[in-house]
Amino acid sequence: MNTPTLSVIIPMRDGVPVEWLKELANVKGNVEFILVFPPSVKQFPNDIDNRIKQINSPIQGEVTQRITALLNASGTYVLSINCDEYLYPDIEQLTLQYFQKFPNNWFIRLRTKYYEYGSQAELVKEWEKFPEIENIKIKTTENKELSELETMREIPISPIENKLDLMCMFRPFPGRKDLNGPHQENFDKKIWKNSIVQENLQDIVKLFTIFGPFKYIPFWCADRLLGLSTQAKLYEKELVKQGQIVAHWLPLPAQIRTENNPPEYRGKNRRYVLAEVFLLRIYPQYGYFWNLILSQWRSLIK
């Protein structure tokens, strides 16, 4: 296969049915799928689709699995989803249309529809055709009356230059005030330009080594770490300015269908700060990251 248009990276768990993978293989075009399993979990049969790459992570943990997948992603664009999510079959065409219209933007936020665990019939039903990007109106601060479900909403870069707010440690959850607004913190369910993602990964991976053979790799919560550090990398390289529009949130019909995890896999007591503290190690000068970390101190004593 030529250089893929899109790499779809997926951290796996045990117990995912092969029917899910067969549905994923219905995605059309020059798309590669990189599935990373925990060390002891068996891979799927390798005769389903030659676009699928399967890897067993060297150690357990969502952070390691997701970053291992990203390091193996060779596409021009990259999308991170989970192993209980289904993808719009014409996602490659949508991606090409979007970045042709907005070549200076850095990601697309996809629209997700959520289903209860066990809604298999709804998850695999025929997809509604998504309109041409060229024909979709854009919702801005000047035309707030337009529905977000029918227009593309502008997304600015996260306001990382915000000032340190020590009071965020004492307010009721979530404590900080600068998380509200149209900006986006998370990495998942967004199609990113892979070039800046790969450059950012090098900064993160270096931090896993404490000294010599000793490493610290958090188990969970790569999502916000990757999303915010990638935006900070853009800002550091002066590729974007504070407040600049860097993406759009697509309207309905949904491009991702996601099923709630089985009860035994639902996350409990995940301490996001154990991963996100890396943001301070890379970018200690930004008050936004201090506010994010300080507002989570209570989670460490639960």
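Some points to look at:
- Boolean, Tyr98 is hydroxyl-bearing (Ser, Thr, Tyr), closer than 23 Å to Arg257 by Cβ and surrounded by 14 or more Cβ atoms within 10 Å (Cβ to Cβ): yes
- Of the set (1) in a loop (DSSP other than H, G, I, E, B); (2) closer than 22 Å to Ser57 by Cβ; (3) in contact with a Leu (Cβ under 7 Å, 6 or more places away or on another chain), all apply to Asp14 but (3).
- Residue within segment 26-35 that is part of a loop (DSSP other than H, G, I, E, B) and surrounded by 16 or more Cβ atoms within 10 Å (Cβ to Cβ) present: yes
- For beta carbons closer than 8 Å, sequence separation of 6+ or different chains, a first residue in segment 101-128 that is in a helix (DSSP H, G or I) and a second that is among the hydrophobic types (A, V, I, L, M, F, W, C), the qualifying pairs are Lys101/Ile133.
- All positions within segment 1-22 that are charged (D, E, K, R) and either buried (at least 22 other Cβ atoms within 10 Å of the Cβ) or closer than 18 Å to Leu123 by Cα (or both): Glu19, Lys22
- Only one of the listed residues (Pro182, Pro159, Pro172) is more than 22 Å from the chain's Cα centre (by Cα) and part of a loop (DSSP other than H, G, I, E, B). That residue is Pro172.
- The residues on offer are Ile55, Ile81, Ile108, and the sole one that is more than 28 Å from Lys215 (Cβ to Cβ) and buried (at least 16 other Cβ atoms within 10 Å of the Cβ) is Ile108.
- Scanning segment 123-150 for residues that are in contact with a Lys or Arg (Cβ under 8 Å, 6 or more places away or on another chain), crowded, with 18+ Cβ neighbours inside 10 Å and at pLDDT 95 or above yields one hit, Ile133.
- Applying the condition of being in contact with a Phe, Trp or Tyr (Cβ under 7 Å, 6 or more places away or on another chain) and modelled with pLDDT under 95 to segment 163-179 and asking which residue is farthest from Ser295 (Cα to Cα) yields Asp178.
The values are calculated or read from the model by the stated rules, or taken from the named source; none is laboratory data. Owing to the predicted nature of the structure, the values given are computational and were not obtained by experimental measurement. Cβ atoms come from the backbone with ideal geometry, glycine included; neighbour counts cover every protein chain shown.
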